[in-house]
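So the structure is just underneath, and the comments pick up after that.
The values are calculated or read from the model by the stated rules, or taken from the named source; none is laboratory data. What you see is a predicted model; the values in this text were computed from it and never measured. We place every Cβ from the backbone using ideal geometry, glycine too, and count neighbours over all the protein chains shown.
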Amino acid sequence: MKSIAQARAKFAWECAKDLGSDKFSTSVDKVPTYIKTNGLLNTMAFCYSKADYESVFLLIIEWLTGNNQGDKYPFFTLQMPIKPKEALEIRKKEKDKDKKLSEAEKQEVERKIKSLNDFRKSAMETLVGQCEDTKQHIALTTEVLALLNWLRRFAKSE
């Protein structure tokens with residue numbers, strides 16, 4: 001049986017392999033400082049609103065919901081419609097949808113974008129609700145910082 005630290009490290013490694021880029025590495029490197037300076041909710045709201053930080057936002061939510069390890073360590077329950085890597089691919093297709101995609105593909109991209117946006121909004125609302133309790137807020141902040149510590153290490157090594 002894996003400890004939460006081992007599961008966290010494994011998750012971070014998989015994410016760094018899937019999403020490893022200079023932009024991702026830079027974003028992951030900055031977020032812990034933002035959390036320490038501004039708090040978890042303000043930082044998550046920032047990540048929510050910025051396209052360059054969307055993958056970081058989704059990875060944090062994926063970890064906190066337990067979707068990544070069979071709900072073994074969930075902090076709250078929320079089903080993700082797509083994985084962060086797929087979300088980035090959908091965003092790329094969204095930018096190019098007028099150029100290369102058929103009408104059916106355009107409709108599929110629009111459906112996935114709507115699903116992703118609905119999920120992001122729901123995730124932010126759930127996170128805000130979870131942080132109403134001070135102890136839970138501290139626990140979530142500690143967990144997110146621990147996850148980001150691993151993500152930073154692995155993102156730099158990619």
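Listing for the model above:
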read-out	value
Every pair of residues 6+ apart whose Cβ atoms lie under 7 Å, when the first sits in the stretch 2-17 and is farther than 16 Å from GLU143 by Cα while the second is among the small types (Gly, Ala, Ser)	ALA16/ALA155
Residue that is farthest from SER25 (Cα to Cα), among those in the stretch 131-158 that are surrounded by fewer than 17 Cβ atoms within 10 Å (Cβ to Cβ) and of a type in the set (S, T, N, Q)	THR134
The stretch 102-124 residues that are closer than 18 Å to GLY66 by Cα, paired with ones that are aliphatic (A, V, I, L, M) and part of a helix (DSSP H, G or I) (beta carbon under 6 Å, 6 or more apart)	LEU116/ALA87; ALA123/ILE61
Verdict on PHE119 being aromatic (Phe, Trp, Tyr) and at pLDDT 80 or above	yes
Matching residues in the stretch 94-109 - criterion: being modelled with pLDDT under 70 and either acidic (Asp, Glu) or buried (at least 16 other Cβ atoms within 10 Å of the Cβ) (or both)	ASP96, LYS97, ASP98
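Okay, residues lined up against (1) modelled with pLDDT under 90; (2) surrounded by 14 or more Cβ atoms within 10 Å (Cβ to Cβ); (3) of a type outside the set (Gly, Ala, Ser):
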site: ALA7; (1), (2), (3): yes, yes, no
site: LEU19; (1), (2), (3): yes, yes, yes
site: PHE24; (1), (2), (3): yes, yes, yes
site: VAL31; (1), (2), (3): no, yes, yes
site: THR37; (1), (2), (3): no, no, yes
site: THR43; (1), (2), (3): no, yes, yes
site: PHE46; (1), (2), (3): no, yes, yes
site: LYS50; (1), (2), (3): no, no, yes
site: LEU58; (1), (2), (3): yes, yes, yes
